[in-house]
1. Evaluate the stretch 146-164: report whether one residue or more is surrounded by fewer than 16 Cβ atoms within 10 Å (Cβ to Cβ), over 14 Å from the mean Cα position of the chain (by Cα) and in a helix (DSSP H, G or I).
2. Spot the failing condition for residue 188; the list is (1) touching a Leu at 6+ places or on another chain (Cβ under 7 Å); (2) surrounded by 18 or more Cβ atoms within 10 Å (Cβ to Cβ), and only one is missed.
3. If a residue must be out of contact with any His (no Cβ under 9 Å at 6 or more places or on another chain) and either at pLDDT below 95 or not polar (S, T, N, Q) (or both), how many such residues does the stretch 148-206 contain?
4. For the stretch 57-67: of the residues being within 15 Å of the chain's Cα centre (by Cα) and without any contact (Cβ under 8 Å) to a residue 60 or more places away in the chain, which is nearest to residue 82 (Cα to Cα)?
5. The conditions are (1) closer than 13 Å to residue 17 by Cα; (2) crowded, with 22+ Cβ neighbours inside 10 Å; (3) without any contact (Cβ under 8 Å) to a residue 40 or more places away in the chain; (4) of a type outside the set (Asp, Glu), and residue 129 fails exactly one of them. Which is it?
6. Which of the residues that make up the stretch 6-26 are among the acidic types (Asp, Glu) and either in a loop (DSSP other than H, G, I, E, B) or in contact with an Asp or Glu (Cβ under 8 Å, 6 or more places away or on another chain) (or both)?
7. For residue 36, are the conditions met, namely being small (Gly, Ala, Ser), buried (at least 17 other Cβ atoms within 10 Å of the Cβ) and more than 11 Å from the chain's Cα centre (by Cα)?
8. Among the residues of the stretch 54-79 satisfying the criterion of being of a type outside the set (A, V, I, L, M, F, W, C), assigned to a loop (DSSP other than H, G, I, E, B) and in contact with a Lys or Arg (Cβ under 9 Å, 6 or more places away or on another chain), which is surrounded by the most Cβ atoms within 10 Å (Cβ to Cβ)?
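The values are calculated or read from the model by the stated rules, or taken from the named source; none is laboratory data. Here the structure is a predicted model, which means the values were calculated and not measured. Glycine also receives a Cβ, built like all others from the backbone with ideal geometry; neighbour counts cover every protein chain displayed.
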Amino acid sequence: MTQERPKLTPPDGETKVLLHSCCAPCSGEVMEAMTASGIDYTIFFYNPNIHPKKEYLLRKDENIRFAEQHNVPFVDADYDADNWFSRAKGMEWEPERGIRCTMCFDMRFERTALYAHENGFPVITSSLGISRWKNMTQINDCGHRAAGPYDGVQYWDFNWRKGGGASRMIEISKREEFYMQEYCGCIYSLRDTNDFRLSRGREKIKIGTMYYGRDEPQE
């Protein structure tokens, strides 16, 4: 049985939030939870780490579709992948959850905080932390660090997994038949995931074929 959502209150009782979204599956529960609590929020999609471009567009377009379904404003930020690769130089063989991921979160949150500062959003948060594959402390540290330079902008480090959030994330993904990404997003995550799969006798990832709630891959 699905647990009832708690009533959410952003920091200092603010009601306007800029939500950094990484994808529809991760943000679906966050979006519906904020909607249920009457929070006025806008989605900010800035994820230049996602590789290749086909995967990036799959994740972004699906997020746009779900936002339109909920009448939520959607800010489509730049896909400055060259900038991301420049910042990742020298970190190509760092492990997942290591310093490359910290750099990546910093980069995405810095742009989110800047947009919030320039457009009157007192609170920023992110759907990244709802995934059990992510280090929530690492993500929250990056979020607070990004908001720090701006007076009037703060990072909301709510634990979106708790209170049934993680379970509802999967329920929503199946209900909406969201695209199921099989790696974190960057080229190095794709490389390492494929190496692991091959070492277990499995095929490499086929981009654009797996969806929640569907029994067979979609070719």
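1. For the stretch 146-164, residues surrounded by fewer than 16 Cβ atoms within 10 Å (Cβ to Cβ), over 14 Å from the mean Cα position of the chain (by Cα) and in a helix (DSSP H, G or I): absent.
2. (1)
3. Keep residues of the stretch 148-206 that are out of contact with any His (no Cβ under 9 Å at 6 or more places or on another chain), which gives 148, 156, 158-184, 191-206.
Pick out the ones that are also either at pLDDT below 95 or not polar (S, T, N, Q) (or both) and you get 148, 156, 158-172, 174-184, 191-192, 195-198, 200-206.
Of the residues in that region, 41 qualify.
4. To start, the set of residues in the stretch 57-67 that are within 15 Å of the chain's Cα centre (by Cα) comprises 57-64, 66-67.
Remaining after also requiring without any contact (Cβ under 8 Å) to a residue 60 or more places away in the chain: 57, 60-61, 63-64, 67.
Numbers: 57: 16, 60: 18, 61: 21, 63: 23, 64: 23, 67: 27 Å.
Checking each candidate, the answer is 57.
5. Single failed check for residue 129: (1).
6. If we filter the stretch 6-26 for residues that are among the acidic types (Asp, Glu), which is where we start, we get 12, 14.
Of everything in the stretch 6-26, just one residue is among the acidic types (Asp, Glu) and either in a loop (DSSP other than H, G, I, E, B) or in contact with an Asp or Glu (Cβ under 8 Å, 6 or more places away or on another chain) (or both), namely 14.
7. Details: small (Gly, Ala, Ser): yes; buried (at least 17 other Cβ atoms within 10 Å of the Cβ): no; more than 11 Å from the chain's Cα centre (by Cα): yes.
It is false that residue 36 is small (Gly, Ala, Ser), buried (at least 17 other Cβ atoms within 10 Å of the Cβ) and more than 11 Å from the chain's Cα centre (by Cα).
8. Of the stretch 54-79, the ones of a type outside the set (A, V, I, L, M, F, W, C) are 54-56, 59-63, 65, 68-71, 73, 76, 78-79.
From the residues that got through so far, the ones that are assigned to a loop (DSSP other than H, G, I, E, B) too are 70-71, 73, 78-79.
Right, trim to in contact with a Lys or Arg (Cβ under 9 Å, 6 or more places away or on another chain) and you get 78-79.
Details: 78: 9, 79: 18.
Only one residue tops the list, namely 79.
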